[in-house]
Structure formats: structure tokens, C-alpha cells
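For reference, the structure discussed in these notes is given below.
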Amino acid sequence: MPATSFHPITESEDNKSTPNKWRAVYLRPFVLFWLGSFVFEAAMFLVSIAVFSGFRGLFQKFMWTIIFCPLGMGGAMGGMINYFITDQYYGKKAVLLVAILSILVLGTCNDLCYNLDLIFGWFGATDHFWWWHARYPFIFATGYMNGKLLFTDEGQQALTQWGL
């Protein structure tokens, strides 16, 4: 067999569990932020129907809130956490870094969506400035809680019990 220039991740059946363990470590940030974004966006979708614009632009609102935003926010946060924090920091410092990264990335996403909604008018940006901009403390808190789940021993145990 010719020599390879790479190292295979799984060399035998005996050590197959090692890549699966690391796979979970790298998927957890995406899953947590995707799920959090999905729940938040589903609530915003329902509020937009009930309070702001009714059923006008329903398909576009659905695609924006239920499909694209959770994937984009979960993917961006998962990728950035894996690149900048996972395998480099653990504990309080990592938790704080996740919270700061959350406010930077998700806060920017919130600001982008606010400006887009000034054009489309589906989510109340024109008349309800604080509806959009009072979210930043909650974004930070969500990042902090997800950071505790991802980068503390107690959080790791909880995620394992949840099957993540």
C-alpha cells in the first residue's frame, strides 16, 4: 500500500469512537445556536403575523425567519466558536468570549434585519424602534448561557444527557 500524505482519522474499528466524540464537540455550537435562533425566529414570525403585518408577505416572512435566519446565525456562530474558541479556551474565559462573540455577530444580524425591515415593513421596525434594539442584553445572556453549556464541565454533562 502506498504511503499517504495525510493521517486517516479512523484507523481501525477499535478507535472509531474517537472521531464521533470530536464530531459532537464541533457540532454542539452550531446545534445550540441554530436551535436558539429557530425558537427566537419562530416567536418573531408569530408576533409579526399577530401584531405587525398580518398575513402580508407570509411566504417571504416564513423563509426569512424559519429557514434562512436560524441557518445563518447558527452556522456563523458555530463556525466562529469552533475557529476562535473551541480547543483554545475553556471555563470562564471561553464563556465570556462566546457571550461577546454573540453580541457582535447576532447583534450585527439584528441590526441588518432591522435595516431590511425598514424597507419591507414586516416586523415593525418603522414604528417600534425599541422592539428591535432592546434585544441586545438578551443576545448577550443567550451567548453566556450557551457558553456555559459548551465550555464548562456542568454544561458538558448536561449536553451529553440531552444527547448532544
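The values are calculated or read from the model by the stated rules, or taken from the named source; none is laboratory data. Treat the numbers as computed from the prediction; the structure is a model and nothing was measured. Reconstructed Cβ throughout: ideal geometry from the backbone, glycine too, with neighbour counts over all protein chains shown. When the accessible area is computed, the model is the full protein with side chains, heavy atoms only, and any ligands, DNA or RNA have been set aside. Shrake-Rupley method; radii C 1.70, N 1.55, O 1.52, S 1.80 Å.
Accessible surface of the range 61-164, 1.4 Å probe: 70 percent of it comes from carbon and sulfur atoms.
Computed across the chain, the Kirkwood hydrodynamic radius from all distinct Cα-Cα pairs reaches 17.6 Å. Measuring between their Cα centroids, the range 50-99 and the range 113-159 lie 8 Å from each other. Rounded to the nearest 20 debye, the dipole magnitude of the chain is 160 debye, with +1 charges on Lys and Arg beta carbons, -1 on Asp and Glu beta carbons, and the Cα centre as origin. Its relative contact order, with pairs defined as Cα atoms under 8 Å and 6+ residues apart, puts the chain at 25 percent. Estimated at 0.36 nm per residue, the fully extended path between LEU27 and PHE59 surpasses their Cα-Cα distance by 8.6 nm. Taking every full run of DSSP H in the chain, the ones that stretch at least 18 Å from end to end by Cα along their long axis and average 1.0 or higher on the Kyte-Doolittle scale are 92-120. Would you compute, from DSSP H runs of 4+ residues alone, the mean residue ellipticity of the chain at 222 nm, taking -39500 (n - 2.57) per run and dividing by the full residue count, rounded to the nearest 500? Estimated from H runs of four or more residues: -22500 deg cm²/dmol. Under the criterion of Cα pairs below 8 Å and six or more residues apart, the relative contact order for the range 53-130 equals 39 percent.
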